[in-house]
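The block underneath contains the structure these notes are about, expressed in structure tokens.
What follows draws every value from the coordinates through simple rules; no lab data is involved. From a predicted model like this one, the values you see are computed outputs, not experimental measurements. Ideal geometry is used to build each Cβ from the backbone, glycine not excepted, and the neighbour counts take in all protein chains shown.
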Amino acid sequence: MQVWEGTVLGVNREAGVMQVLLDAKIGQMPRHTGEVDLEWVSEQDKDLVRSGAVFYLTLFKRTRQGSIENSQELRFRRRPSWSAAQLKQIEDDAALLYSKMRPLPTSA
Amino acid sequence: MIQYGSPPAIDEIEVTLFGPGYGEAIAVHLGEGAWLLVDSCIDPAAKAPASGAYLEQIGVDASQVRSIVASHWHDDHVRGISKLAARHPNADFVISAVFNDRSTAAFLAAYSGASSAGLARGAKELFEVSRARNTLFPASHRSNILEVVLNARNVRVTALSPVPAAYFQFLTHLAQYMPRRNQAINHAPQLRPNFEAVTLHIDIGDDAVLLGADLEEHDRFGWSAVVADQWSAARRPATAYKVAHHGSYTGNCPQVWVVLLKQYPVACLTPFTLGELRLPTDADKGRVKGNTPYAYISSGASRRPDMDSRQLKRLGDICRKLAQVDAGFGAVRLRKQLGAPSWRVELFGAAQAL
């Protein structure tokens, strides 16, 4: 079985492909990039395909009518929305960060 | 693990460029044991920031680093920079002045990982540094980052960019990506082209070094605006150049080679491999080599997939054009004795002539 966490790097809808970055979730494999046809994305996930979206690709074998065959699942992660509490935290963090800035002298 | 040998002599200037294929870091010896670090990437063997591991191996004490510059916030330039900053607590930490604003600071905070785990790209690294530090130094065109007398010479590190127009362009560009209530939390955007990067001019008394970061070409926001500025053009022409934006066409400004550099400088660059984007292209290499015969790249390793044949065949059913991101780590080291006529070039790991 192979399990990969993928990040969409870019989408070319005309060509029907997405560029992806793959991190292995099983074993110690280096990161790879590649190209996946959009036809592998299920209808319910199609609206999630955009640059930066995260998905999981699982490749496995299953027994069907007595024979073993390759199977796969590609599912996109659905993201929650920004909450008011998160936006307040961002505002506070930004104010703290901004307060630490000390401009450098400039050359004439 | 790469063996780098001895540290530079006190009167020897050094520029070492590290790169694994996706990532870039630079260590500069300014003289008399004083160092400047620019950006950060991970050394896969040391599993640590490349420039920090390098200094440790050649016996440089952490206190000898005067400044750390994060040229911009993209992931390939800041991996491990929060660890690097922690390793050198006395070094000034310099970031692009585009973050000297409440809204851009909010962008870093939003994509810091607190609310958006796994979506942060480089924003998380810079935000972690900002949390750990009491002071951050924003740099833009004409900023004096470091000025010190070493080997009886005035050594001066100044920023050539971002230019003021780029600052406002960045703010405008960023506005559309600021988080809003009930809007889905998404990955931090790439924000290209890059006009916010801090490029550095290092004057070492009788010579100079130009570090081009990832600044791209534009007549008002990018390289042409830098070169057209009288103050920039009055800088001492450099004999060593970290080529901008991985040698790409979009980072190329012919006037840089005329105005800011001496004829036939030593040029070094890192590759960028992610998805379809692979830099430098053959055309990019040809253009750089057309400007100087002394050009080197930190990693020229093959990007062939690294997995067993059964896994590769099965994954290949779904995913075409598989390529490794970090296929080979390497470093290009330039050293020059003060007053010497030319740089001595050493190549480590996967580094090679361009």
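Peptide B:99-112 has a mean shielding of 5, counted as Cβ atoms of other protein chains within 10 Å of each residue's Cβ. Remark: region B:31-44, residue by residue, has Karplus-estimated 3J(HN,Hα) of x, 6, x, 8, 10, 10, 10, 10, 6, 7, 9, 9, 7, x Hz, where x stands for each Gly or Pro and the curve is 6.51 cos²θ - 1.76 cosθ + 1.60 at θ = phi - 60°. Ranked by the mean number of other Cβ atoms within 10 Å of their residues, highest first, the peptides A:42-53, B:279-290 fall in the order B:279-290, A:42-53. If both residues of a DSSP beta bridge must be in region B:1-157, then about 60% of such bridges are antiparallel.
For chain B, a crude dipole built from +1 on the beta carbon of Lys and Arg and -1 on the beta carbon of Asp and Glu, taken about the Cα centre, is about 720 debye to the nearest 20. Over all distinct Cα-Cα pairs of region A:11-108, the Kirkwood formula returns a hydrodynamic radius of 18.0 Å. Straight-distance candidates among the aspartates and glutamates for linking to B:Lys242, with alpha-carbon spacing under 16 Å and chain neighbours fewer than 8 residues away dropped: B:Glu14, B:Glu24, B:Asp39, B:Asp76, B:Asp203, B:Asp207, B:Asp214, B:Glu216, B:Glu217, B:Asp284, B:Glu346.
Counting charges near B:Ile13 (Lys, Arg +1; Asp, Glu -1) among other residues having Cβ under 12 Å from its Cβ returns a value of -2. Counting only residues at least eight positions apart within a chain, or on another chain, the aspartates and glutamates with an alpha carbon under 14 Å from that of A:Lys100 are A:Asp92, B:Asp92, B:Asp101, B:Glu128. Among the GluC sites (Glu not before Pro) in region B:168-276, those placed in a DSSP loop whose Cβ has at most 15 other Cβ atoms within 10 Å are B:Glu276. Between A:Glu14 and A:Ile68, the FRET efficiency from the beta-carbon distance, with R0 = 35 Å, is close to 0.40. Taking every DSSP beta bridge with both residues inside chain B, roughly what % is antiparallel (nearest 5)? Counting only bridges with both partners in chain B, antiparallel ones make up about 70 percent.
Which of B:Ile185, B:Leu200, B:Val149 sits closest to the plus end of the dipole of region B:130-284, meaning its Cα is farthest towards the positive end, when Lys and Arg get +1 and Asp and Glu get -1 on the C-beta? Final value for the positive-end residue is B:Ile185. Considering helices alone, the calculated mean residue ellipticity of chain A at 222 nm is -5000 deg cm²/dmol, with DSSP H runs of length four and up weighted by -39500 (n - 2.57) and normalised per residue.
Applying D = kT/(6 pi eta Rh) to region B:158-222, where Rh is the Kirkwood radius over alpha-carbon pairs, T corresponds to 37 °C and eta to 0.692 mPa s, the Stokes-Einstein value obtained is 239 µm²/s.
The Cα-based radius of gyration and maximum Cα-Cα distance (Dmax) for region B:1-139 are 14.9, 48 Å. Projected label points at B:Asp61 and B:Gln183, each 7 Å from Cα along the beta carbon direction, are separated by 5.0 nanometres. Sorting the Cα pairs of the protein assembly as shown by distance into bins of 20 Å, from 0 upward, gives 25, 56, 18, 1, 0 percent per bin.
Of the residues A:Leu59, A:Leu22, A:Leu96, which exhibits the maximal mean-square fluctuation in a Gaussian network model of chain A defined by a 10 Å Cα contact cut-off? So, out of A:Leu59, A:Leu22, A:Leu96, the one fluctuating most is A:Leu96. Taken residue by residue and averaged, Cβ atoms of other chains lying within 10 Å of the Cβ of A:9-22 number 2.
Altogether, the Stokes-Einstein calculation at 4 °C and 1.567 mPa s, with the Kirkwood radius of chain B over Cα pairs as Rh, returns a diffusion coefficient of 63 µm²/s.
A simple charge model with +1 on the Cβ of Lys and Arg, -1 on the Cβ of Asp and Glu and nothing else charged puts the dipole of the protein assembly as shown at about 660 debye relative to its Cα centre.
The phi-based Karplus calculation (6.51 cos²θ - 1.76 cosθ + 1.60; θ = phi - 60°) puts the 3J(HN,Hα) values of region A:3-8 at 10, 10, 9, x, 10, 6 Hz, whole numbers, x for Gly and Pro.
Considering only region B:239-326, what is the antiparallel percent among its DSSP beta bridges, to the nearest 5? Write out the running numbers ahead of the final one.
Details: 3 of 9 bridges.
About 35 percent, rounded to the nearest 5.
How much length is gained on full extension from B:Asn144 to B:Trp231, taking 0.36 nm per residue of separation minus their Cα-Cα distance?
Fully extending the segment from B:Asn144 to B:Trp231 adds 30.0 nm.
Shown in residue order for region B:166-182 are the 3J(HN,Hα) couplings computed by the Karplus curve 6.51 cos²θ - 1.76 cosθ + 1.60 at θ = phi - 60°: 5, 4, 6, 5, 5, 4, 5, 5, 6, 3, 5, 9, 6, x, 10, 4, 6 Hz (x for Gly and Pro). Shielding value for A:28-41 is 6, the average number of Cβ atoms from other chains within 10 Å of each residue's Cβ.
Estimated from helices alone, the mean residue ellipticity of chain B at 222 nm is -6000 deg cm²/dmol (sum of -39500 (n - 2.57) over DSSP H runs with n ≥ 4, per residue). Computed log10 I(q)/I(0) for region B:151-259 at 0.15, 0.17 Å⁻¹: -0.66, -0.79, from the Debye equation with unit scatterers placed on every C-alpha and solvent omitted. Short-range pairs are left out: with C-alpha atoms under 8 Å and at least six residues apart, the relative contact order of region B:1-72 is 29 percent. For the residue pairs B:Lys47/B:Lys336; A:Lys88/B:Lys83; A:Lys25/A:Lys61, the C-alpha atoms sit more than 26 angstrom apart in B:Lys47/B:Lys336; A:Lys88/B:Lys83. In this rough spin-label picture, where each label sits 7 Å from Cα along the Cβ direction, the B:Ala283-A:Ser51 distance is 2.0 nm.
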